[in-house]
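Written below as structure tokens is the structure these notes are about.
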Amino acid sequence: MSVREVYLESAAITTALLAEPAVAACWDAPSALVKMRVGGVAAHLAGQVSQVPPVLDARAVDERVPLREHFARSTWIDDGVDSEVNTYIRCAAEEAAAAGPRAVREEAATALAELERRLPAEPPDRVIQLPWGPWSLSLDDYLVTRLLELTVHGDDLAASIGVTTPEFPAACVDTVVGVLCRLAARRHGQAALIRALSRAERAPKTIAAL
């Protein structure tokens, strides 16, 4: 499967999770994430689908970087929960959640229907402009970053409402685990990552990538 096919399948799984009755029922309740309500987590998750069509509409004008460099430049990865960028992300999610669960899930479903038409027709070498950060990515690399968001925050939302975390396609999980392993090795070192995955007696307390 191409990354575009994997993304579309994963986005469909996400929109199904957003339609779970428990999402609407718990909308204003605290989530599994610090300082976020369930509605905020759901809106942030939905944004990983609804933000993609506008990205396709924008013209790439800045420097294109590879995926590894993108993550190296992304300050939110190493910033604390109260950092400026993470506070902004939370506030934006809560503002989007104010529209309510039905509007949030319908926006994501509408965007997915549009992407099912548009993504297969995009050229292989398509470059997109990020809506944040003064650099651009290939479309496929950008979709890899969305797969990371869909799987991580899909688990956050499922944990928040007490349902089973959805099973994403194997190709999605393989891609996301690869990204998380690279980020974990960058943060904790190669030895810590290898020990955590292979040697319980020497495993560090955490190898959290994010």
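The values are calculated or read from the model by the stated rules, or taken from the named source; none is laboratory data. Since we're looking at a predicted model, the values are computed, not measured. Positions of Cβ are backbone-derived with ideal geometry, glycine not excepted, and every protein chain shown enters the neighbour counts. Keep in mind that these areas ignore ligands, DNA and RNA; they rest on the heavy atoms of the full protein, side chains included. Shrake-Rupley method; radii C 1.70, N 1.55, O 1.52, S 1.80 Å.
The table below gives the values:
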quantity: Subset of the stretch 1-23 that is at pLDDT 95 or above and open to solvent by 50 Å² or more (accessible area, probe 1.4 Å) - its residue that is farthest from Ile89 (Cα to Cα); calculated: Ser2
quantity: Given (1) surrounded by fewer than 20 Cβ atoms within 10 Å (Cβ to Cβ); (2) under 16 Å from Arg68 (Cα atoms); (3) of a type outside the set (Asp, Glu); (4) modelled with pLDDT under 95, number of the condition Ala184 does not satisfy; calculated: (1)
quantity: The lone exception for Thr151 - which of (1) in contact (Cβ under 8 Å) with a residue 60 or more places away in the chain; (2) open to solvent by less than 20 Å² (accessible area, probe 1.4 Å); (3) under 29 Å from Trp27 (Cα atoms) it fails; calculated: (2)
quantity: Residue check, Ala111 farther than 30 Å from Ala208 by Cα, touching a residue at least 24 places away in the same chain (Cβ under 8 Å) and open to solvent by less than 20 Å² (accessible area, probe 1.4 Å); calculated: yes
quantity: Residue that is at pLDDT 95 or above, at negative phi and not in a loop (DSSP other than H, G, I, E, B), where the choices are Ala99, Ala93; calculated: Ala93
quantity: Tabulated pairs, the stretch 55-83, first more than 24 Å from Ala208 (Cβ to Cβ), second open to solvent by 70 Å² or more (accessible area, probe 1.4 Å) and not in a helix (DSSP H, G or I), C-beta under 7 angstrom, 6+ apart or interchain; calculated: Val55/Pro131; Asp62/Pro134
quantity: Residue match in the stretch 134-143 (condition: out of contact with any strand residue (DSSP E or B) (no Cβ under 8 Å at 6 or more places or on another chain), aliphatic (A, V, I, L, M) and either crowded, with 19+ Cβ neighbours inside 10 Å or not in a loop (DSSP other than H, G, I, E, B) (or both)); calculated: yes
quantity: Unmet criterion (only one of (1) more than 19 Å from Arg105 (Cα to Cα); (2) out of contact with any Phe, Trp or Tyr (no Cβ under 6 Å at 6 or more places or on another chain)) for Leu143; calculated: (2)
quantity: Exclusive hit being at negative phi, open to solvent by 40 Å² or more (accessible area, probe 1.4 Å), in contact (Cβ under 8 Å) with a residue 12 or more places away in the chain and not in a helix (DSSP H, G or I), set Ile128, Ile207; calculated: Ile207
quantity: Asp62 charged (D, E, K, R), open to solvent by 80 Å² or more (accessible area, probe 1.4 Å), touching a strand residue (DSSP E or B) at 6+ places or on another chain (Cβ under 9 Å) and not in a helix (DSSP H, G or I); calculated: no
quantity: Residue satisfying condition, being within 16 Å of the chain's Cα centre (by Cα), hydroxyl-bearing (Ser, Thr, Tyr), farther than 13 Å from Gly40 by Cα and open to solvent by less than 40 Å² (accessible area, probe 1.4 Å), within set Ser74, Ser83; calculated: Ser74
quantity: Residue in the stretch 161-172 that is part of a helix (DSSP H, G or I), buried (at least 20 other Cβ atoms within 10 Å of the Cβ), on the phi < 0 side of the Ramachandran plot and over 12 Å from the mean Cα position of the chain (by Cα) present; calculated: yes
